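The values are calculated or read from the model by the stated rules, or taken from the named source; none is laboratory data. Only a predicted model underlies this, so the values are computations on that prediction, with no experimental measurement involved. Please note: Cβ atoms are built from the backbone with ideal geometry, for glycine as well, and neighbour counts cover all protein chains shown.
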Ligand SMILES: [Zn+2]
């Protein structure tokens with residue numbers, strides 16, 4: 001199994017609704033989203049998928065979220081903007097971009113800080 005990994009940073013503010021602690025107050029993170037894509041076969045370029053395909057799938061969302069307030073940006077105006085939910089969201093968006101290819105998103109890690117992250121792994 002081959003694997004490629006793309007990581008993109010963005011900075012954003014959020015708060016966690018109903019959270020019993022400091023995270024209920026608005027604060028910011030220098031986030032990093034890390035997308036892992038796997039594939040058994042390589043394409044005619046000798047790649048699982050071009051890095052650019054993953055970057056382009058992320059770009060509209062990174063552009064929207066960067067220096068934004070997540071709690072006001074759909075779907076996170078309704079969905080809790082936790083690291084877990086962000087990881088699942090990015091998974092779904094990149095997975096859609098890979099539809100019809102032999103590559104699949106195997107894991108997404110969403111870093112809130114250097115030492116704290118959440119992951120989403122599809123079944
Ligand atoms: Zn936070």
task: Determine whether region 94-110 contains at least one residue that is without any contact (Cβ under 8 Å) to a residue 12 or more places away in the chain and in contact with a strand residue (DSSP E or B) (Cβ under 9 Å, 6 or more places away or on another chain).
output: no
Do we have any residue at all in region 51-63 that's in contact with a strand residue (DSSP E or B) (Cβ under 6 Å, 6 or more places away or on another chain) and outside any helix (DSSP H, G or I)?
-> no
Counting only residues that are within 18 Å of residue 35 (Cα to Cα), out of contact with any helix residue (DSSP H, G or I) (no Cβ under 9 Å at 6 or more places or on another chain) and within 16 Å of the ligand (Cβ to nearest atom), region 56-81 contains a total of 1
If we keep only residues of region 8-40 that are farther than 23 Å from residue 60 by Cα and touching a residue at least 60 places away in the same chain (Cβ under 8 Å), then the residue farthest from the ligand (Cβ to nearest atom) is 40
Restricting region 74-107 to residues that are within 18 Å of residue 52 (Cβ to Cβ) and within 9 Å of the chain's Cα centre (by Cα), the one surrounded by the fewest Cβ atoms within 10 Å (Cβ to Cβ) turns out to be 93
Just to be sure, is residue 66 modelled with pLDDT of 95 or more, surrounded by fewer than 16 Cβ atoms within 10 Å (Cβ to Cβ) and within 15 Å of residue 7 (Cβ to Cβ)? yes
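Conditions (1) in a strand (DSSP E or B); (2) surrounded by 17 or more Cβ atoms within 10 Å (Cβ to Cβ), marked per residue:
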position: 5; (1), (2): yes, no
position: 9; (1), (2): yes, no
position: 19; (1), (2): no, no
position: 28; (1), (2): yes, no
position: 43; (1), (2): no, no
position: 48; (1), (2): no, yes
